[in-house]
Amino acid sequence: MKENLFKKAIASRKLTEEEPEPVQKVETSQSMPALPKVKEPKVDPVAPQAEPKKRGRPATGKRSDEAWIGRTYYVKRETDLDVEEMLLQLRRQGIEVDKSELVDLLLAAWVKWQKGDNIERQISEITPRRK
């Protein structure tokens, strides 16, 4: 009959493992000096406490700004590519507008138009063309 290698490996492992020695309690005697008590710093309950410094980079984007809310909308691929191209041209002219800002401005102009407001001024803010 063949020797069971699995049982042999387990048995050899059990032999090599050492059991930890039990921790013995040290009895305190009168001859040992008592440790001095450490004074805790007094905390003023009225004074503001400095918050511990958070790890990572600070949250300064739209995701952490409560004025912005995340939404998902579908746009045709061709429209998205055209918008990307136009925004890239604007960036080359020194005008920084990202898609979410553009969508926000266009939706705000649409709401004002629906209410009957004059949107010429708001549209002029988002277009590089000046009259």
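The values are calculated or read from the model by the stated rules, or taken from the named source; none is laboratory data. Treat the numbers as computed from the prediction; the structure is a model and nothing was measured. Neighbour counts are summed over all protein chains in view; Cβ atoms, including those assigned to glycine, are modelled from backbone coordinates with ideal geometry.
Would you pick out the residues in segment 85-110 that are surrounded by 11 or more Cβ atoms within 10 Å (Cβ to Cβ) and more than 26 Å from residue 120 (Cβ to Cβ)?
none
If you scan segment 52-80, which residues turn out to be surrounded by 10 or more Cβ atoms within 10 Å (Cβ to Cβ) and aliphatic (A, V, I, L, M)?
Correct list: 75 only.
Quickly run through segment 60-91 and pick out the residues that are modelled with pLDDT of 90 or more and of a type in the set (Gly, Ala, Ser).
Hits for segment 60-91 are 67, 70.
In segment 43-59, how many are closer than 30 Å to residue 107 by Cα and either at pLDDT 85 or above or hydrophobic (A, V, I, L, M, F, W, C) (or both)?
1
From the set of residues in segment 88-108 that are in a helix (DSSP H, G or I) and of a type in the set (Asp, Glu), which is farthest from residue 62 (Cα to Cα)? Working first, answer last.
Let us first name the residues in segment 88-108 that are in a helix (DSSP H, G or I), namely 88-92, 99-108.
Of the ones still in play, those that are also of a type in the set (Asp, Glu) are 101, 104.
Numbers: 101: 10, 104: 12 Å.
Among those residues, the one meeting the criterion is 104.
For residues in segment 101-131 being of a type in the set (S, T, N, Q) and over 21 Å from residue 86 (Cα atoms), which is modelled with the lowest pLDDT?
118
Condition first: part of a helix (DSSP H, G or I) and at pLDDT below 75. Can you find one or more residues in segment 15-27 that meet it?
Checking segment 15-27: at least one residue is part of a helix (DSSP H, G or I) and at pLDDT below 75.
Which ones in segment 71-87 are hydroxyl-bearing (Ser, Thr, Tyr) and under 20 Å from residue 61 (Cβ atoms)?
First, pick out the residues of segment 71-87 that are hydroxyl-bearing (Ser, Thr, Tyr): 72-74, 79.
Within segment 71-87, 72, 73 meet the criteria.
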